[in-house]
Amino acid sequence: MRTPVPRLPSPMPEIEVASSPRRGVPIVVLAYGGDSPVLGPGGSDLSDVWASTVGLTGKAGEVHVAAGHGAGIRWVAGVGDGTAAEWRKAGAALVRAVEARAEADSDAGRRVVRSLQLTLPPDTTSEQISALVLGVSLGGYRYKVSSVEKPRLKSLRLVTDADLQPVVDRALAVALGTTATRDMGNTPSNVKDPAWLASAAVQLAAQLPGLSVEVRDEKWIAAEGFGGLLAVGGGSVSPPRFVELSWRPAKPVGPHLVYVGKGITFDTGGISLKPADGMHLMRTDMCGGASVIAALVTIARLGLPVRVTGLVPLAENHVSGSSYRPGDIVRHYDGQTTEVTNTDAEGRMVLADALGYAVRRLKPGLIVDVATLTGAMKVSLGVRTGGLFASDDALASRIIEAGTRSGESWWRMPLLADLEDEVVSEIADWRQCPPGPGGITAALFLRKFTGGLPWAHLDIAGPARAEKTYDEVVPGATGFSTRTLVELAASYAS
């Protein structure tokens, strides 16, 4: 019997825009850093009373609660210097503080606050409100298989005369996609085999007109010659799957985009076995694939007029008598061959098949692959920045800008020409895991399967999962790259 898991996607607070406040609902006010006033309902300046009673500074992420300050005010949240990033951080800190207080009140038998309202300053920008909605929606995310449900913030009312509902709706759609990616990443691997993740893609895409999902089984995979996917998945009793999501708007603009995501639902390392420490985190080794699934669903939900296809090769990399071995030679979908040197470098094996399929069958305008690919990139860039490799300067710049707008950080890495020969094999076309800087040689390997098309490789081994809370991120799968993929598509729509 499968372990029960929370429904997909996890719930988020409802956020509505209204022109007037609601009586009896606790009020949140915002404080900027420095000498800017704390404006309460009606424009009243509350700076002195809050500074003297709680030591208010207005720093982003600072949240105070104190009853008895009049006009129903319960919370004050700092937004720092007012940048979008500070508003996102403020929203996340607010929801965490409110839910922590609700849990304490529930345990003590006191009334629990589940709804809040916030009067927005007249000069609030679309970027700020979008960031606030993302922070509130994602900052309180939790994934826990438990019989006890802790109190959550149910709703937030944003009071303003401006027409911000479209901005809020778009931000909620993007937050929902990020949440879905987190849910798929956090689902334990005794539940999340390739068939389960494929069915999750079907479930998420249901009832979105224009978005189709095809799930191919191991027989189709073998008949089509996906040698890398068959090799990696051959050691598991749960056979591989290949998922293709297709968003075809009626009147598309811009190039046909193909997103390819690594979908290893658990990675033991295979015969090149990983150390036991940290192996439990390998349930998140499919976060690139989850990001592609969630991005396609979000693009369809937003109705972006850009044709986008998502390809997700799914497999478990396990150890058994049928596991692939170092020294094996594998033939990929496009006919190129790879000499296996390390079975723990399985991600590039399945991506090579999907990239070749994209080039030969889909003939896109550009390709972007995303994967938790190399520990080397985590060492190079840490856990909050993704590694970006690109064959095209304009595409690299567009991805970095999309990340900036969506609150995700990317750093471009080089595709060094002097390492090209390291990828060449003496007994096959290419060597799977050559010596040298691991993130770069992995990217050079993948480029061999892109057919010379404009291509970018996003290595998210570091930021795809977190061990501690920061900004809108909580421990576990972070959903990193989902928002960038959506914003990238949106950049062509505009």
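Bear in mind these aren't lab numbers, they're just calculated from the coordinates by the rules spelled out. As the structure is a prediction and not an experimental result, all values here were calculated from the model. Glycine also receives a Cβ, built like all others from the backbone with ideal geometry; neighbour counts cover every protein chain displayed.
Once you keep just the Cα pairs under 8 angstrom separated by 6 or more residues, what percentage relative contact order results for the range 174-493? All intermediate terms of the calculation are to be shown ahead of the outcome.
On the way: 800 pairs, mean separation 73.6, N = 320.
With pairs under 8 Å counted, the relative contact order is 23 percent.
Taking all pairs of different Cα atoms in the range 372-455, averaging 1/r and flipping that mean, what Kirkwood radius in angstroms comes out?
Numbers: mean 1/r = 0.0726 Å⁻¹.
For the range 372-455, the Kirkwood estimate is 13.8 Å.
Among all the lysines, which ones have a C-alpha under 30 Å from Lys363's C-alpha, if same-chain residues fewer than 8 places away are not counted?
Leaving aside lysines fewer than 8 places away in the same chain, those within reach of Lys363 are Lys219, Lys251, Lys262, Lys448.
Apply the Karplus curve 6.51 cos²θ - 1.76 cosθ + 1.60, θ = phi - 60°, to the phi angles in the range 235-245 and return the couplings in whole Hz, x for Gly and Pro.
For the range 235-245, the Karplus-derived couplings read x, 10, 6, 9, x, x, 9, 10, 10, 10, 9 Hz, x marking Gly and Pro.
With θ set to phi - 60° and the Karplus curve 6.51 cos²θ - 1.76 cosθ + 1.60, what are the ³J(HN,Hα) couplings of the range 56-63 in order, to the nearest whole Hz, using x for Gly and Pro?
Going residue by residue, I get 4, 10, x, 4, 4, x, 7, 10 Hz, with x marking Gly and Pro.
Can you give the FRET efficiency for Leu281 and Trp411, using 1/(1 + (r/R0)^6), R0 = 30 Å, r = Cβ-Cβ distance, to the nearest 0.05?
So, using R0 = 30 Å, E works out to roughly 0.85.
Need the list of lysines near Lys59 for cross-linking: C-alpha distance under 26 angstrom, and skip anything on the same chain fewer than eight residues off.
Qualifying lysines at Cα under 26 Å: Lys89, Lys154, Lys468.
Sequence-distant or interchain residues sharing an amide H contact under 5 Å with Gly310, placed H: which?
Answer set, sorted by chain and number: Leu245, Ser246, Trp247, Tyr259.
If we sort 424-435, 169-180, 374-385, 291-302 on the protection proxy, mean other Cβ atoms within 10 Å, highest first, what's the order? Write out the running numbers ahead of the final one.
Details: 424-435: 16.4, 169-180: 23.0, 374-385: 18.4, 291-302: 28.5.
Result, highest mean first: 291-302, 169-180, 374-385, 424-435.
Plugging the Kirkwood radius over Cα pairs into Stokes-Einstein for the range 307-390, at a temperature of 4 °C and a viscosity of 1.567 mPa s, what D comes out in µm²/s? Please list the in-between numbers first.
On the way: Rh = 14.8 Å.
Here the translational diffusion coefficient equals 87 µm²/s.
For a protection proxy built on the mean count of beta-carbon atoms within 10 angstrom, sort 96-102, 223-229 highest first, please. Each step should come with its number before you reach the end.
On the way: 96-102: 20.6, 223-229: 23.1.
Packing proxy ranking, top to bottom: 223-229, 96-102.
Taking Cα pairs under 8 Å and at least six residues apart, what relative contact order does the range 163-259 come out at, in percent?
Numbers: 61 pairs, mean separation 27.6, N = 97.
Normalised by residue count, the contact order of the range 163-259 is 28 percent.
Of all beta bridges DSSP finds with both residues in the range 174-493, what is the antiparallel percent, to the nearest 5?
Numbers: 24 of 48 bridges.
Of all bridge pairs located within the range 174-493, approximately 50 percent are antiparallel.
Can you list the residues, at least 5 places off or on another chain, whose amide H is less than 5 Å from the amide H of Thr341, using H built in the peptide plane?
HN-HN under 5 Å from Thr341: Gly327, Gln432, Cys433.
Hey, rough spin-label estimate for Ser20 and Thr469, points 7 angstrom out along Cα→Cβ, what's it come to in nanometres?
Reported label-point gap for Ser20 and Thr469 is 3.6 nm.
Pairs of Cα atoms under 8 Å, at least six residues apart: use those to get the relative contact order of the range 258-322, whole percent. Numbers along the way, then the final one.
Numbers: 99 pairs, mean separation 35.3, N = 65.
After rounding, I find 54 percent.
Take each complete run of DSSP H in the chain, measure how far its Cα atoms stretch along the helix's own axis, and keep only those covering 15 Å or more with mean Kyte-Doolittle hydropathy at least -0.5; list them.
On the way: long enough: 84-107 (35 Å, -0.36); 126-139 (19 Å, 1.14); 165-186 (31 Å, 0.08); 194-205 (17 Å, 1.17); 287-302 (22 Å, 1.74); 346-357 (17 Å, 0.31); 393-406 (20 Å, -0.04); 482-493 (17 Å, 0.47).
Helices passing the filter in the chain: 84-107, 126-139, 165-186, 194-205, 287-302, 346-357, 393-406, 482-493.
Between Ser397 and Thr341, what is the spin-label point distance in nm, taking each point 7 Å from the Cα along the Cα→C-beta axis?
Once both label points are built, they end up 3.6 nm from each other.
Take the eigenvalues of the Cα gyration tensor for the range 162-310, scale each by 5, and report the square roots as semi-axes in whole Å, largest first.
Working: eigenvalues 184, 75, 27 Å².
Semi-axes (√(5λ), whole Å): 30, 19, 12.
For the chain, what number results from the quotient of the Cα radius of gyration and 2.2 N^0.38 Å?
For the chain, the normalised Cα radius of gyration comes out at 1.02.
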